[in-house]
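Colleague: Before anything else, here's the structure in question.
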Amino acid sequence: MKKKYSITGIDCANCAAKLEQKMNELPEVKQVVLSFTTSQLYVEAQNPDSILPELQALADKMEPGTKIEPLARNVAKKQNTEHHHEHSHDHEHCGEHGHEHKHCDEHKREHYDEHEHCDCHNNKHKNCHGGHHDHQKSCDCHTHTQQAEKSSPAGIRKLRQFIAENSDFITLPSGILFFLAAMILENVLKISSYLPEICFVISYIILGGKIVVTAIKNLFRGKVFDENFLMSIATVGAFIVGDFAEAVGVMLFYRIGELFEDIAVNKSRKQIMDAVDMRPEIVRLYQDGVVTELPPEEIQIGDCIEIRPGDRIPLDGVVLEGESRIDTSAVTGEPVPVAVKAGSQILSGCVNTSGILYLKVEKALEDSMVTRILEAVENAAASKPKMDRFITKFARIYTPFVVVLALATAIVPSLFTGNWSYWIYTALTFLIISCPCALVLSVPLAFFAGIGAGSKRGILFKGGVSLETLADIKAVVMDKTGTITEGNFKVESITVASGYTEDEVLSLAASAESASTHPIATSILEEAKVRNCLVRKPKEVTEFSGEGVAISLDDKKILCGNQKLLNRYNIAIPEDNTKGAGTEVFVACENEYAGRIQINDIIKKDSKEAIRAIASKGIYTIMLTGDTYENAQAIQQATGIDEFFARQMPEDKLNNLQKIREEKGSVMFIGDGINDAPVLAGADVGAAMGSGADAAIEAADVVFMTSRLTALVESYRIAKATARIAKQNVIFALAVKAAIMVLGLCGIASMWMAVFADSGVAMLCVLNAIRVLYKKYDN
């Protein structure tokens, strides 16, 4: 059984990786994945809830202050979302709104008020720990708040809260003041007493006291090579060698770097989650002419909700009343608004751009599209690519190696030169850069940003592995119907015999097919409607399975079907009318050939552009289809695809896919039908059209919500950019750290530079990773 939990209180990616490793060592656990980027814990075990206390105890031991809670999916998002109103629409809380409407349910209002109060409390903790937006709205937190209110005066409580939320902004200025005082006393006033040293020590206690205490506590927990211990040893070592200013300055620089790194990480997380978390804060329930604002988890299936112009659709449903245009770009990536009216199905996450709509809710919050998209992105973040797993393993070796190197640097040269102070100082710089946070943090954040960038464009990656593999594909194999083509038949041409017009032949065919729901019949009827052709109800209808129909119309016998049907009645077909791409429908009247209707599946407008663009990247393109050779060849000529295989059964597609992989390398397959599911699962990367069958979507690694083939090109560009930026971060972090080591051995690098190689590089890597979210991928 797999279950997902929220985990808060961890502010270090390397610490999260170590905790994940220890959790995976528990015998009851099959697999644990700790996603630092989303603050979520994925547990696979016989009964995940039963081992939750053990996981919490382990977290308390390794990372005190960590909190693991069940993750509720039927609750609204906590952070404020962007409002899309072009006009000013103030959203009042349900409690306030309920006083204006007597019909508002008292119990719901009280629950909502309590819910919001609980939310505020959680947000305070979130600000301190950089926690994820989706913590469970627990009643325990509300009870805890009430107890705190009773046990302490309001003034003291507010002071504690202020200090907890702004500790960095209090300690840093205080530490800086004492540091500056010490520098002035020592270098400007030239005071040689112990006063400058006292100021340095006070400044150090303010800035690094908590870090030293944490390092000591962690020693008893077996955590030797953590960031706190390494910084403590480095700065205390500087005190020992008599460089007080360097010790305090390095700790100050480190604290400032950590602060900016935390801000950058939290802002990056928020920017990515804002792009994919479209869950509503409130929903406007419409009952008996009265509108009541309620949290979305209280809305039931079958309820009627009001959606104003500018509102985001909160839940999936069907329009009961009203007409408008819907901006679906957030869900499908399509830029053109779609017209909707009574009876139209609408997905949550889209934005109502014009008229007021009244919607019948068909899916609860946890099953609506907004939650499904968020789930897909969060689950994708937990699927770690090979690069991420490699860096995590590398970090376990990197820190001990650098520490041993630092120890050797301090001792071995000193034994020969006798200059202990110089080599110990050099070793201290090594200790500072031995923390691998920049490496461990930047890679998963880059892939998370890539997943978010795809979601913004209607492309759902189901894991970082999919992104990583997609960046290295050598061939793209595509199904025809629904992928390259629309999957909708359309009359392409009508050829008639002497004595008939196109409209007459079309009218006869439409009358014959008037009772059929077959896609070919539908295309004939639609064309007849466009041309305003007369469609009459036949008196007698005889159906020939796999051939067509024979009808009686105005006492005349009309045949409409394929060549087999006309052969049955020994009706000759002109030779020049027996060939062509697409499906042929022949029409005969009174045993004489009347004409032929050519019907073809419509090629998507963007297919040719997409195939040309992906081929320009050096990727080989192939089409596998169950259609005829002639139709497949016509598609190849129209789109420029490199190669095709016709009349393919599902097992043929899978066999050909494996052959293509052997010849070309890593293969991506794109399809949309149930019969495509085995091929999607067998490809290195499987992509399904969002309009396709559920089985295909389930088996795919990537889902194109737009059902446009150009999404293939965008997804490839996102994958390449993500992989490139992740590699940039790794190379940059290692190069800077290596450079500082070399400069340290040469006597050039200082501890200040070492701090930059640690915190500064981590912050720059975070900022570089977030670029993935904002790059343009449509050209």
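The values are calculated or read from the model by the stated rules, or taken from the named source; none is laboratory data. Predicted model only: the values in this text are computed from it and were never measured. Cβ atoms come from the backbone with ideal geometry, glycine included; neighbour counts cover every protein chain shown. SASA here: full protein model, heavy atoms, side chains in, ligands and nucleic acids out. Shrake-Rupley method; radii C 1.70, N 1.55, O 1.52, S 1.80 Å.
Colleague: Which residue pairs have Cβ atoms under 7 Å apart, sit 6 or more places apart or on different chains, and have a first residue in segment 179-199 that is within 15 Å of residue 248 (Cα to Cα) and touching a residue at least 60 places away in the same chain (Cβ under 8 Å) and a second that is of a type in the set (Phe, Trp, Tyr) and open to solvent by less than 80 Å² (accessible area, probe 1.4 Å)?
Modeller: 182/200
Colleague: Does segment 556-578 contain at least one residue that is modelled with pLDDT of 90 or more, over 53 Å from the mean Cα position of the chain (by Cα) and polar (S, T, N, Q)?
Modeller: yes
Colleague: Can you tell me which residues in segment 339-353 are out of contact with any His (no Cβ under 7 Å at 6 or more places or on another chain) and either crowded, with 20+ Cβ neighbours inside 10 Å or modelled with pLDDT under 85 (or both)?
Modeller: Listed by number, the residues that qualify are 340, 346, 347, 348, 349, 350, 352.
Colleague: If the requirement is being out of contact with any Leu (no Cβ under 8 Å at 6 or more places or on another chain), under 22 Å from residue 520 (Cα atoms) and buried (at least 22 other Cβ atoms within 10 Å of the Cβ), which of these qualifies: 676, 601? Before you say what the answer is, go through the steps one by one.
Modeller: Values: 676 fails: under 22 Å from residue 520 (Cα atoms).
Within the list 676, 601, the selection yields 601.
The rows are residues; the columns are (1) touching a residue at least 60 places away in the same chain (Cβ under 8 Å); (2) more than 30 Å from residue 668 (Cβ to Cβ); (3) among the charged types (D, E, K, R).
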site	(1), (2), (3)
520	yes, yes, no
528	no, yes, no
557	no, yes, yes
623	yes, no, no
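Colleague: Given the options 514, 493, name the one that is open to solvent by 10 Å² or more (accessible area, probe 1.4 Å), without any contact (Cβ under 8 Å) to a residue 40 or more places away in the chain and either closer than 30 Å to residue 389 by Cα or of a type in the set (Ser, Thr, Tyr) (or both).
Modeller: Selected residue: 514, the only one of 514, 493 that is open to solvent by 10 Å² or more (accessible area, probe 1.4 Å), without any contact (Cβ under 8 Å) to a residue 40 or more places away in the chain and either closer than 30 Å to residue 389 by Cα or of a type in the set (Ser, Thr, Tyr) (or both).
Colleague: Can you pull out the residues in segment 20-63 that are over 24 Å from the mean Cα position of the chain (by Cα) and open to solvent by less than 20 Å² (accessible area, probe 1.4 Å)?
Modeller: The answer is 23, 29, 45, 48, 51, 55, 59.
Colleague: With the structure loaded, tell me whether residue 635 is more than 19 Å from residue 457 (Cα to Cα), open to solvent by less than 40 Å² (accessible area, probe 1.4 Å) and in a loop (DSSP other than H, G, I, E, B) or whether it fails that test.
Modeller: No: the conditions fail for residue 635.
Colleague: Could you run through segment 312-332 and say how many residues are open to solvent by less than 20 Å² (accessible area, probe 1.4 Å), under 16 Å from residue 283 (Cβ atoms) and either modelled with pLDDT under 90 or under 26 Å from the mean Cα position of the chain (by Cα) (or both)?
Modeller: Counting residues in segment 312-332 that are open to solvent by less than 20 Å² (accessible area, probe 1.4 Å), under 16 Å from residue 283 (Cβ atoms) and either modelled with pLDDT under 90 or under 26 Å from the mean Cα position of the chain (by Cα) (or both) gives 5.
Colleague: Answer yes if at least one residue in segment 653-670 is among the acidic types (Asp, Glu), surrounded by fewer than 16 Cβ atoms within 10 Å (Cβ to Cβ) and part of a strand (DSSP E or B), and no otherwise.
Modeller: No, that holds for no residue.
Colleague: Could I ask something else about it? Kindly check whether there is at least one residue in segment 365-375 that is over 30 Å from residue 429 (Cα atoms), open to solvent by 20 Å² or more (accessible area, probe 1.4 Å) and either assigned to a loop (DSSP other than H, G, I, E, B) or β-branched (Val, Ile, Thr) (or both).
Modeller: The answer is no, given that none of the residues of segment 365-375 is over 30 Å from residue 429 (Cα atoms), open to solvent by 20 Å² or more (accessible area, probe 1.4 Å) and either assigned to a loop (DSSP other than H, G, I, E, B) or β-branched (Val, Ile, Thr) (or both).
Colleague: Right, something else. Inspect segment 520-534 for any residue being more than 50 Å from the chain's Cα centre (by Cα) and either open to solvent by 30 Å² or more (accessible area, probe 1.4 Å) or closer than 30 Å to residue 625 by Cβ (or both) and give the result as yes or no.
Modeller: From segment 520-534, those more than 50 Å from the chain's Cα centre (by Cα) are 534; that's our starting set.
Still in the list and also either open to solvent by 30 Å² or more (accessible area, probe 1.4 Å) or closer than 30 Å to residue 625 by Cβ (or both): 534.
Taking every residue of segment 520-534 in turn, at least one turns out to be more than 50 Å from the chain's Cα centre (by Cα) and either open to solvent by 30 Å² or more (accessible area, probe 1.4 Å) or closer than 30 Å to residue 625 by Cβ (or both).
Colleague: Which fully enclosed helices (runs of 4 or more DSSP H) of segment 682-779 have 1 or more residues being at pLDDT below 85, of a type outside the set (Gly, Ala, Ser) and over 30 Å from residue 247 (Cβ atoms)?
Modeller: 694-699, 771-774
Colleague: Exactly one of these conditions fails for residue 698: (1) under 18 Å from the mean Cα position of the chain (by Cα); (2) closer than 24 Å to residue 392 by Cα. Give me its number.
Modeller: Tallying (1) under 18 Å from the mean Cα position of the chain (by Cα); (2) closer than 24 Å to residue 392 by Cα, residue 698 fails exactly one: (2).
Colleague: Now, a different point. Would you pick out the residues in segment 509-534 that are among the polar types (S, T, N, Q), closer than 18 Å to residue 550 by Cβ and in a loop (DSSP other than H, G, I, E, B)?
Modeller: 514, 516 - these are the residues of segment 509-534 that are among the polar types (S, T, N, Q), closer than 18 Å to residue 550 by Cβ and in a loop (DSSP other than H, G, I, E, B).
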